[in-house]
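Colleague: Structure provided below as structure tokens; questions to follow.
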Amino acid sequence: MRVLVSGGAGYIGSHTVVALVEAGHDIVVVDDFSNAKPTVIGRLEALTGRHIPVHAFDLTDVDKTAHLFDIEEIDAVIHFAGYKAVGESVQKPLDYYENNLGSTFALVRAMQKHGVDKLVFSSSATVYGTDQAGATEDRPTFATNPYGWTKVMQEQILRDVAVADPSMRIALLRYFNPVGAHVSGTIGEDPSDIPNNLMPYIAQVAVGRREKLQVFGDDYDTPDGTGVRDYIHVVDLAAGHVAALEKLAATSEPVNTWNLGSGRGTSVLELLHAFEKAVGRELPHEIVGRRAGDVATSYADPSKANEELGWRTQKSVEEMCADTWRWQSQNPEGYPD
Ligand code: UFG
């Protein structure tokens, strides 16, 4: 298939580009580079040995998005592009609703106009709200912040689109906590600001860009008191997208929802200690108060994806840490400008 990857220069998008090329698909990337560096594209071309066509614009621009489908032949879309910082979404709700919903409107309208019927959507475990432990796909969805609501709403919009047009084939992929990097160490997660998420923060402490990790709470009802999450290696996550896309070409179901996670929980301190092993030294940290809005425990029930996609996670927490450290130590400041 010739696959349009929106947000293809971002963290998950870039790893999925590699997986798609390896699986024999052609790629077109659209990215406005608002949260990604253009230099990632050269890295992707080196890794894949392919020229990657890139269109640099904001998908909320309806005319430009429609024009893209006029000039490129596209069989399917994987839609990653979107704002994703929970805290920022509380400060700037209109930006989040406008950008995340607007890009989906423009994209789906252009798809419909051009008869493109396959869409893989980047959703999140955040749609399970405060009920994320052992989540199965049939749990009710809700959110606790504007970012989360944009995911809940985009899922609903896509379900409604599929009711109106049952020829659509849509995958809603609910990711748990993506971490890790390509084994080459040439692509990885490169937060433009202070990292919000645990793994990139630990990696920046290890490389000396941050003084110490703050562990947000050790009084949760978990084995060691710190928050438990289902970390999934980004290369496993990318493989999940390829599997979902290929399933869409073969299914008669208009809408398919799949959790992408390992089904296993790892605490903050367990992840920190696994990272320390990868680095070979202890890393400074302190216990501080809980972060507002955090749940104690989040992990997937991935059995639906395991069965229906023939996909499951392969990589261990040790590999997640080793691969993140390879990327971070080879690129201490992230991608060059
Ligand atoms: N944590 C720390 N210190 C930090 C950062 C995080 O102790 O500096 C802890 C958190 O309290 C939590 C765990 O590490 O217990 C994981 O936190 P992350 O911020 O890495 O991930 P979250 O599970 O909070 O958030 C992720 C995605 C969101 C998504 C959410 C819910 O980043 O997009 O899962 O599914 F909404």
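Colleague: Somewhere in the range 190-198, is a residue part of a loop (DSSP other than H, G, I, E, B), open to solvent by 10 Å² or more (accessible area, probe 1.4 Å), touching a residue at least 40 places away in the same chain (Cβ under 8 Å) and closer than 14 Å to Ser267 by Cα?
Modeller: No, there is no match, as no residue in the range 190-198 is part of a loop (DSSP other than H, G, I, E, B), open to solvent by 10 Å² or more (accessible area, probe 1.4 Å), touching a residue at least 40 places away in the same chain (Cβ under 8 Å) and closer than 14 Å to Ser267 by Cα.
Colleague: Which of the residues spanning the range 261-300 are within 14 Å of the ligand (Cβ to nearest atom) and either among the charged types (D, E, K, R) or assigned to a helix (DSSP H, G or I) (or both)?
Modeller: Selection gives Val268, Leu269, Glu270, Leu271, Leu272, His273, Ala274, Phe275, Glu286, Arg290, Arg291, Asp294.
Colleague: Asp193 - would you say it is modelled with pLDDT under 95 and either charged (D, E, K, R) or more than 15 Å from the ligand (Cβ to nearest atom) (or both)?
Modeller: So Asp193 passes the test.
Colleague: Does Gly87 satisfy the condition of being in a helix (DSSP H, G or I), among the small types (Gly, Ala, Ser) and within 25 Å of Tyr299 (Cβ to Cβ)? I'd like the intermediate steps shown before the answer.
Modeller: Details: in a helix (DSSP H, G or I): yes; among the small types (Gly, Ala, Ser): yes; within 25 Å of Tyr299 (Cβ to Cβ): yes.
Yes: the conditions hold for Gly87.
Colleague: Let me ask you something else. Scanning for something in contact with a Leu (Cβ under 6 Å, 6 or more places away or on another chain), more than 22 Å from Glu155 (Cα to Cα) and open to solvent by 20 Å² or more (accessible area, probe 1.4 Å), does the range 246-258 turn up at least one residue? Can you show your working first?
Modeller: Narrowing the range 246-258 to residues in contact with a Leu (Cβ under 6 Å, 6 or more places away or on another chain): 247, 257-258.
Of the ones still in play, those that are also more than 22 Å from Glu155 (Cα to Cα) are none.
No.
Colleague: Return the residues of the range 31-75 that are of a type in the set (Lys, Arg) and within 30 Å of Asn331 (Cβ to Cβ); say none if nothing qualifies. Steps first, answer last, please.
Modeller: Looking only at the range 31-75, we keep the residues that are of a type in the set (Lys, Arg), and these are 37, 43, 50, 64.
Scanning the range 31-75 gives Lys37, Arg43, Arg50.
Colleague: For the range 70-91, which residues satisfy the criterion of being touching a strand residue (DSSP E or B) at 6+ places or on another chain (Cβ under 6 Å) and either of a type in the set (Ser, Thr, Tyr) or within 15 Å of the ligand (Cβ to nearest atom) (or both)?
Modeller: Narrowing the range 70-91 to residues touching a strand residue (DSSP E or B) at 6+ places or on another chain (Cβ under 6 Å): 72-81.
Scanning the range 70-91 gives Phe80, Ala81.
Colleague: Now, a different point. Restricted to the range 139-158, and to residues that are of a type in the set (A, V, I, L, M, F, W, C) and away from the ligand (no atom under 13 Å from the Cβ), which residue is most open to solvent (accessible area, probe 1.4 Å)?
Modeller: Taking the range 139-158 as the starting set, the residues that turn out to be of a type in the set (A, V, I, L, M, F, W, C) are 142-143, 149, 152-153, 157-158.
After this cut, where a residue has to be away from the ligand (no atom under 13 Å from the Cβ) as well, the list is 153, 157-158.
Values: Met153: 71, Ile157: 42, Leu158: 1 Å².
The qualifying residue most open to solvent (accessible area, probe 1.4 Å) is Met153.
Colleague: May I ask you to verify whether Ser167 is surrounded by 21 or more Cβ atoms within 10 Å (Cβ to Cβ) and small (Gly, Ala, Ser)?
Modeller: On the way: surrounded by 21 or more Cβ atoms within 10 Å (Cβ to Cβ): no; small (Gly, Ala, Ser): yes.
For Ser167, the condition - surrounded by 21 or more Cβ atoms within 10 Å (Cβ to Cβ) and small (Gly, Ala, Ser) - is not met.
Colleague: Checking Gly87 against (1) open to solvent by less than 60 Å² (accessible area, probe 1.4 Å); (2) among the small types (Gly, Ala, Ser); (3) within 28 Å of Ala243 (Cβ to Cβ), only one condition comes out false. Which one?
Modeller: Among (1) open to solvent by less than 60 Å² (accessible area, probe 1.4 Å); (2) among the small types (Gly, Ala, Ser); (3) within 28 Å of Ala243 (Cβ to Cβ), Gly87 violates only (3).
Colleague: Among the residues of the range 304-321, is any over 20 Å from the mean Cα position of the chain (by Cα), in a loop (DSSP other than H, G, I, E, B) and among the hydrophobic types (A, V, I, L, M, F, W, C)?
Modeller: No, the range 304-321 contains no residue that is over 20 Å from the mean Cα position of the chain (by Cα), in a loop (DSSP other than H, G, I, E, B) and among the hydrophobic types (A, V, I, L, M, F, W, C).
Colleague: If you go through the range 206-235, how many residues are open to solvent by less than 10 Å² (accessible area, probe 1.4 Å) and under 27 Å from Pro38 (Cα atoms)?
Modeller: 4
Colleague: A further question follows. Under 9 Å between Cβ atoms, at least 6 apart or on separate chains: pull out the pairs that start in the range 75-89 with a residue that is without any contact (Cβ under 8 Å) to a residue 12 or more places away in the chain and within 16 Å of Thr60 (Cα to Cα) and end on any residue that is charged (D, E, K, R) and within 10 Å of the ligand (Cβ to nearest atom).
Modeller: Short answer, once both residue conditions are applied: none.
Colleague: A further question follows. If a residue has to be in a helix (DSSP H, G or I), among the polar types (S, T, N, Q) and within 20 Å of the chain's Cα centre (by Cα) to count, how many in the range 36-66 make the cut? Break it down stepwise before answering.
Modeller: If we filter the range 36-66 for residues that are in a helix (DSSP H, G or I), which is where we start, we get 39-48, 62-66.
Those left that are additionally among the polar types (S, T, N, Q): 39, 48, 65.
Then keep just the ones that are within 20 Å of the chain's Cα centre (by Cα); that gives 39.
Adding up the residues that qualify gives 1.
Colleague: Regarding Gly13, is this residue in a helix (DSSP H, G or I) and buried (at least 22 other Cβ atoms within 10 Å of the Cβ)? Break it down into steps so the answer makes sense when it comes.
Modeller: On the way: in a helix (DSSP H, G or I): yes; buried (at least 22 other Cβ atoms within 10 Å of the Cβ): yes.
Yes; evaluated as a whole, the condition is true for this residue.
Colleague: Pairs please, first residue from the range 248-275 and basic (Lys, Arg), second anywhere and part of a loop (DSSP other than H, G, I, E, B) and away from the ligand (no atom under 13 Å from the Cβ), Cβ atoms under 9 Å, 6+ apart in sequence or on different chains.
Modeller: Partner pairs satisfying both residue conditions: Arg264/Thr313.
Colleague: OK, next. Can you tell me how many residues within the range 228-260 are outside any strand (DSSP E or B) and touching a Ser or Thr at 6+ places or on another chain (Cβ under 7 Å)? Lay out the reasoning, then the answer.
Modeller: Pass one, the range 228-260, residues outside any strand (DSSP E or B): 230, 234-254.
Right, trim to touching a Ser or Thr at 6+ places or on another chain (Cβ under 7 Å) and you get 230, 236, 238, 241.
Qualifying residue count for the region: 4.
Colleague: Among Phe33, Phe69, which is the only one that is touching a residue at least 24 places away in the same chain (Cβ under 8 Å) and over 17 Å from the mean Cα position of the chain (by Cα)? Walk me through how you get there before you give the answer.
Modeller: Values: Phe33 fails: over 17 Å from the mean Cα position of the chain (by Cα).
Criteria check complete, one pass: Phe69.
Colleague: Taking interchain pairs and intrachain pairs at least six residues apart, which have beta carbon atoms under 6 angstrom, with the first residue in the range 116-133 and open to solvent by 30 Å² or more (accessible area, probe 1.4 Å) and the second within 15 Å of the ligand (Cβ to nearest atom) and assigned to a strand (DSSP E or B)?
Modeller: Hits for this filter: Ala133/Thr297.
The values are calculated or read from the model by the stated rules, or taken from the named source; none is laboratory data. Given the structure is predicted, the values throughout are model-derived calculations rather than measurements. So basically every Cβ, Gly included, is an ideal-geometry build from the backbone, and we count neighbours across all protein chains shown. The area values use the complete protein model at the heavy-atom level, side chains included, leaving out ligands, DNA and RNA. Shrake-Rupley method; radii C 1.70, N 1.55, O 1.52, S 1.80 Å.
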